[in-house]
Amino acid sequence: MLETIRTLTTLRESVARRRSVGKRIGLVPTMGALHDGHLTLVDIARREADDVAVSLFVNPTQFAPGEDLERYPRDEDGDRAKLESRGTSLLWAPDAKEMYPDGFATSIEVSGPSRGLETDHRPHFFGGVATVVAKLLLQVLPDIAVFGEKDYQQLQVIRRLVKDLDVPVRIVGGPTIREEDGLAMSSRNAYLSDSHRKIAPALKSILDETGKNVLETGNASKSEADAAEALASAGFDTVDYVAVRHADSLAPVTQSEIEDGTPLRVLAAAHLGTTRLIDNINPRAAS
Ligand code: PAF
């Protein structure tokens, strides 16, 4: 049975009750509009913990004015049905007042992996994410928390946050789940027009190509520039970045690091009309 909880007091009681009978709790933080990518994270949490809590909160502080906060897809009833079918125990669905009561005045800033990439284009984003994720972890006090690799920079920022603040939780990364044509699943894919939907899978194929190029040539900046050109030719309107980075720190890489087997990630963000898509791959893993 899925228990839907909207107040922190009830959440704490429910978590304490589960803990008192020795249950290990897994948390999957989400903003709802759940798809198979989220449900895979729920499956991972179920394997690793006894009870799964999913949070559903469209966090206003990670949207800049003019971004898609108002039109972000919402379907709580549909989400609840999906979670119930995947054996979720608890849905934590506070409103904005419960999460940010009057007088709220704290913000967490993570440096390191937050630098560049998303931050160059959405400077408000990781402050909002780090603060709400810290709150969610302190509210639910899970043993593990599962986040998707689709938002790879976010995952690295959260790993850093948990390490730096000694939060007693294990962060688990879940794989990106893709449509048959390679497009990474995302709640924002719903915004794509039919013609943009046809172009969108090129993001993954160009990332794969970029991964091969960089391993063959050792030249990150040339591979990045070629990828940006390929995205424009495929029909993307604006390319925010294509970047080859260290897989953990997300710092830029040198040719010798590319050649000596240092773990790498290739990340990209690009726009199709008003829809912004992000994706990333591990170039050292066969795709
Ligand atoms: O990835 C998301 O859906 C959100 O950024 C998160 C982690 C739930 C924080 O609001």
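The values are calculated or read from the model by the stated rules, or taken from the named source; none is laboratory data. Quick caveat, the model's predicted, so the values are computed rather than measured. Here Cβ is always computed from backbone atoms with ideal geometry, including for glycine, and neighbour counts include all displayed protein chains. To get the accessible areas, we keep the full protein, side chains included, count just its heavy atoms, and leave off ligands, DNA and RNA. Shrake-Rupley method; radii C 1.70, N 1.55, O 1.52, S 1.80 Å.
Figures for the structure shown
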quantity	calculated
Filtered residue count, segment 41-57, keeping only those that are in a helix (DSSP H, G or I) and open to solvent by less than 10 Å² (accessible area, probe 1.4 Å)	2
Residue in segment 90-101 that is more than 16 Å from the ligand (Cβ to nearest atom) and within 13 Å of Ile158 (Cβ to Cβ) present	no
Residue identified as more than 30 Å from Glu180 (Cα to Cα) and modelled with pLDDT of 95 or more among Leu11, Leu41	Leu11
Qualifying residue in segment 110-118 (condition: open to solvent by 60 Å² or more (accessible area, probe 1.4 Å) and within 27 Å of Glu3 (Cβ to Cβ))	no
Residue tally, condition free of Cβ contacts under 8 Å to residues at least 40 places away in the same chain and either within 16 Å of Asp95 (Cα to Cα) or small (Gly, Ala, Ser) (or both), over segment 10-29	4
Failed condition for Ile144, given (1) within 27 Å of Pro263 (Cα to Cα); (2) within 13 Å of the ligand (Cβ to nearest atom); (3) open to solvent by less than 60 Å² (accessible area, probe 1.4 Å)	(2)
Extreme residue, nearest to the ligand (Cβ to nearest atom), among residues of segment 119-138 that are within 30 Å of Lys23 (Cα to Cα) and open to solvent by 20 Å² or more (accessible area, probe 1.4 Å)	Lys135
Pairs with Cβ under 7 Å, 6+ apart, first in segment 110-126 and closer than 17 Å to Ala243 by Cα, second assigned to a loop (DSSP other than H, G, I, E, B) and open to solvent by 20 Å² or more (accessible area, probe 1.4 Å)	Gly112/Ser249; Pro113/Ser249; Arg122/Ala64
Failed criterion for Asp164 (all others in (1) touching a Phe, Trp or Tyr at 6+ places or on another chain (Cβ under 6 Å); (2) more than 14 Å from the ligand (Cβ to nearest atom) hold)	(1)
